[in-house]
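The values are calculated or read from the model by the stated rules, or taken from the named source; none is laboratory data. Not measured: the values here are computed from a predicted model. For neighbour counting, all protein chains shown are included, and Cβ atoms are generated from backbone atoms with ideal geometry for every residue, glycine included. Note: accessible area is taken over every heavy atom of the protein model, side chains too, but ligands, DNA and RNA are not part of it. Shrake-Rupley method; radii C 1.70, N 1.55, O 1.52, S 1.80 Å.
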Amino acid sequence: KVIYQRYPCECDKIFLDSASRSKGDTQILSFFSHNLLAKVFVMKIYTWESLKEFQQRDCKQKLIVIEGKVYDVTKFMHKHPGGAKLLGAYAGEDATDAWVALHNDKELVEKYMKPLQCGIVEDYEKHVSPSQADFRRLRQLAESSGWFRARPLFFIKYLLQCWAFELAAVLLLWQFGLHIWTVLPAALLLCTAQAQAGWAQHDYGHLSVFNSRRLNHIGHELVVGHMKGASSHWWNFRHFLHHSKPNVVGADPDINVPYLFLLGDKMPQEWGKRRRGFMPYNWQHDYFWLLGPPMLLPLYFHYENIYFIFKRGDWRDFVWTLSFFLKFFYVFNHFFPSWLATFGFYMLVR
């Protein structure tokens, strides 16, 4: 069985399924064809059963499956723009749907993927579930119908709306002074601007606004960094992992809060057996509103952003984030009697 592909670099690659494939080793032969050096790679044929061993956490080699092809991402995962954890979460699994959903420029990405291919999955199409096949047909329909095409003018008006809310808050305090009946509406206006900017940065972060990947990244840094005071890369790593493994315990960071809340059916059982945790979890549906919203944005996300930026040395994101805080405190410190009072107003908005 020969899978033959001509490359534009005037070099041929021939993938052979040989009798020695079960040994798991890759044999490389060189020969001259048309006076040009070509290579023959013996590709390993994997079954879904054989890929299960790569799902173990202690397995050092990381293999993922995309459209029936097996890729060794062991070394590449630490260079992956979406983060190493995202690829690690799909070790030994089919990552096709997540890969399709999270990559707009697939032709460019495939060029980087070719050297990573180490095999193919036997009878891949036969193991695609009916729900997966139905979802993929639905996605093709959505793409061919143009439902994913964004209108940049809409997002420009969206950003102007956010700035209008911020300007209204400033004018309210500037015109009527510092009173309880001006501070609370100003905080509400800024809160609305922050919420709207949060959904705007979401679409820029998903590279969904412009056809240009670079323009999307710049737009994302502007909105999430300068308008919300958060790290662009922090949001990408966290949110892409959430979308690729939504509500999966141990993979989705959005539900990874076991020291406060135990979600689903699996985590309570595991923590109960290990006698871990200290919260009265049988009352978590009552104390969620007391701890969840107040701690998430005002406390936890601030800590995680700062930790992420300095751990990675991401100084570009640091500058964007710093620009938000400099703007906020410079503007509103004109109205409040001290920096501490301005900080209190900021936390109120959060």
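With the convex hull drawn around the C-alpha atoms of region 44-145, the volume per residue stands at 105 Å³. Separation of region 294-350 from region 62-95 is 35 Å, based on Cα centroids. Stretching the chain fully between residue 53 and residue 101 yields a gain of 14.7 nm (0.36 nm per residue, less the alpha carbon separation).
Taking every protein chain into account, the accessible area of the chain amounts to 63 square angstrom per residue (probe 1.4 Å). Between residue 110 and residue 144, the modelled label-to-label distance comes to 1.8 nm, taking each label 7 Å out from Cα in the direction of the beta carbon. Note on the chain: GNM, Cα springs under 10 Å; of 143, 122, 221, the largest mean-square fluctuation is that of 143.
Working note: 222 nm ellipticity from helices only, DSSP H runs with n ≥ 4, each -39,500 (n - 2.57), summed and divided by the residues of the chain, gives -15500 deg cm²/dmol to the nearest 500. Accessible-area rank, largest first, for 179, 239: 179, 239, with all protein chains present and a 1.4 angstrom probe.
For region 217-344, the spread of Cα coordinates along the three principal axes comes to 53, 36, 21 Å, biggest extent given first. In the frame of its principal axes, region 88-200 has Cα extents of 72, 33, 29 Å, reported largest first. Checking (1) 1.06; (2) 1.09; (3) 1.26 against Rg/Rh (Cα atoms, Kirkwood Rh) calculated from these atoms, the matching label is (1).
For region 324-350, list residues with backbone N below 17 Å from a point placed 7 Å from the Cα of residue 176 toward its Cβ? Only 335-336 fall inside the zone, counting backbone N under 17 Å. Among 168, 193, 89, the residue with the largest mean-square fluctuation in a Gaussian network model of the chain, with springs joining Cα atoms closer than 10 Å, is 168.
Could you check how much of the accessible area of the chain is carbon and sulfur, as a whole percent, using a 1.4 Å probe? Heavy-atom surface of the chain belonging to carbon and sulfur, 1.4 Å probe: 62 percent.
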